[in-house]
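Asks: This structure is in structure tokens; I'll ask about it shortly.
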Amino acid sequence: MRNQQATIDSELIRIQNSIDEYTADLKILKETAPTLDSIFSKLADTLQKFLQFVGVKNVQNISISPKTYLPVIRNRNYENITSGGVRTLSSVGYYLTLLEYAINNTSNYPSFLMIDTIAKYIGKTKEEDLAYTNRQEDINEGMNDSSKYENLYQYLMNLSERYEESFQAFIVDNDLPIGLETRLKPYVVKHFTTNAIIQGTEIGFIDDALNPIEINEEYDELDTDQKIDGDIFFDENDESE
């Protein structure tokens, strides 16, 4: 029994020492932990550098709202920005800023980012989306300037070169900036299309790649071995119909 008691006492001492070490580590973490204001300040600085890099006009009074945690551009809250182009660049820059902060600081923020339609309102706007932007403000902001589109991709490539294996960014876009096609080619993982004759591309990903009207027989989408007769692929840019 004495041996058993000695073993228990020894274990209690070991556990207490561990608790003391953890308590000391916790105290240091609390003392050195950045304040929320300092984090917002760093995020705002990085976001401002991004906006300047891509070519947004009048980049000033950039901050992060302590209420919504969203960007504030020229002292205007994100939700009050009426230029769709400024909103796009602000939101893309904001998420890239969070990603970069997470790379350089201990955090639980995921190390990957997915962005669809990255150039929305930046010279590439569908007719139905025009209702959600102020066209005149987009013109005043110079959102038809193709250099902003190129600078956006250039910023992504710079991040890739700086941090390489530290993050993944999945970008879905209809095409690439003409001036950067060669440099961006190594980054293209998949190229989907509705035009089967384009080399190096695959049919798929796009929901409307199949046109049911053109199918001559009942089609079972779950039957991958089923053969279909007829021209089931179409090109939205084809005006022959």
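Asks: Once fully extended, how much extra length lies between Asn80 and Gln60, figured as 0.36 nm per residue of separation less the alpha-carbon to alpha-carbon distance?
Replies: Details: separation 20, 0.36 × 20 = 7.20 nm, distance 1.62 nm.
Result for the pair: 5.6 nm of gain on full extension.
Asks: Using a 1.4 Å probe on the protein chains only, how many percent of the accessible area of region 108-168 belongs to carbon and sulfur? Before the final figure, lay out the partial values.
Replies: On the way: 1700 of 3810 Å².
Carbon and sulfur: 45 percent of the exposed surface of region 108-168.
Asks: Place the peptides 143-153, 62-72, 167-177 in order of packing, highest mean first, counting for every residue the other Cβ atoms within 10 Å and averaging per peptide. Intermediate values should be presented prior to the final figure.
Replies: Working: 143-153: 19.5, 62-72: 16.2, 167-177: 14.6.
The peptides rank, most packed first, as 143-153, 62-72, 167-177.
Asks: Quickly rank 110-117, 78-85, 8-15 as a protection proxy: mean count of other C-beta atoms within 10 Å, highest first. Could the numbers behind the result be given before it?
Replies: Values: 110-117: 13.1, 78-85: 17.6, 8-15: 10.0.
Sorting 110-117, 78-85, 8-15 by mean packing, highest first, produces 78-85, 110-117, 8-15.
Asks: Could you work out the local net charge near Ser18, counting Lys and Arg as +1, Asp and Glu as -1, over the other residues with Cβ closer than 13 Å to its Cβ?
Replies: On the way: positive: Arg14; negative: Glu11, Asp20, Glu21, Asp25.
That works out to -3.
Asks: Could you report region 2-104's accessible area per residue, 1.4 Å probe, as an integer in Å²?
Replies: Numbers: 6520 Å² over 103 residues.
I get 63 Å² per residue for this part.
Asks: Could you sort out which of Lys148/Lys190; Lys120/Lys148; Lys42/Lys148 sit more than 21 Å apart by Cα distance in this structure?
Replies: On the way: Lys148/Lys190 24 Å; Lys120/Lys148 12 Å; Lys42/Lys148 24 Å.
Correct reply: Lys148/Lys190; Lys42/Lys148.
Asks: Scan around Thr117 for amide H atoms under 5 Å from its own, H built in the peptide plane at 1.01 Å from N, and keep only partners 5 or more places away or cross-chain.
Replies: Val172
Asks: Per residue, what volume in Å³ does the convex hull of the Cα atoms of region 1-132 enclose? Please report the intermediate quantities before stating the final value.
Replies: On the way: hull volume 21.3 nm³, N = 132.
For region 1-132, the hull spanned by Cα atoms encloses 161 Å³ per residue.
Asks: Accessible area per residue for region 113-194 in Å², computed with a 1.4 Å probe and the full protein assembly in place, what is it? Walk me through the intermediate numbers first.
Replies: On the way: 5340 Å² over 82 residues.
Per residue, region 113-194 has an accessible area of 65 Å².
Asks: Full extension from Asn108 to Asn134: what is 0.36 nm times the residue separation minus their Cα-Cα distance, to one decimal in nm? Intermediate values should be presented prior to the final figure.
Replies: Numbers: separation 26, 0.36 × 26 = 9.36 nm, distance 3.66 nm.
Net length gain for the segment: 5.7 nm.
Asks: So, one more: How would you order 156-163, 49-56 from highest to lowest mean count of nearby Cβ atoms within 10 Å? Walk me through the numbers on the way to the answer.
Replies: On the way: 156-163: 13.9, 49-56: 19.1.
Per-residue mean Cβ counts within 10 Å order the peptides as 49-56, 156-163.
Asks: Quick one: if you stick a label point 7 Å off each Cα along the C-beta vector at Glu161 and Lys30, how many nm between them?
Replies: Computed distance between label sites Glu161 and Lys30 equals 4.5 nm.
The values are calculated or read from the model by the stated rules, or taken from the named source; none is laboratory data. Bear in mind the structure is a predicted one, so any value in this text is a computation, not a measurement. A quick note on method: Cβ atoms are made from the backbone with ideal geometry, for glycine too, and the neighbour counts reach across all protein chains shown. The area values use the complete protein model at the heavy-atom level, side chains included, leaving out ligands, DNA and RNA. Shrake-Rupley method; radii C 1.70, N 1.55, O 1.52, S 1.80 Å.
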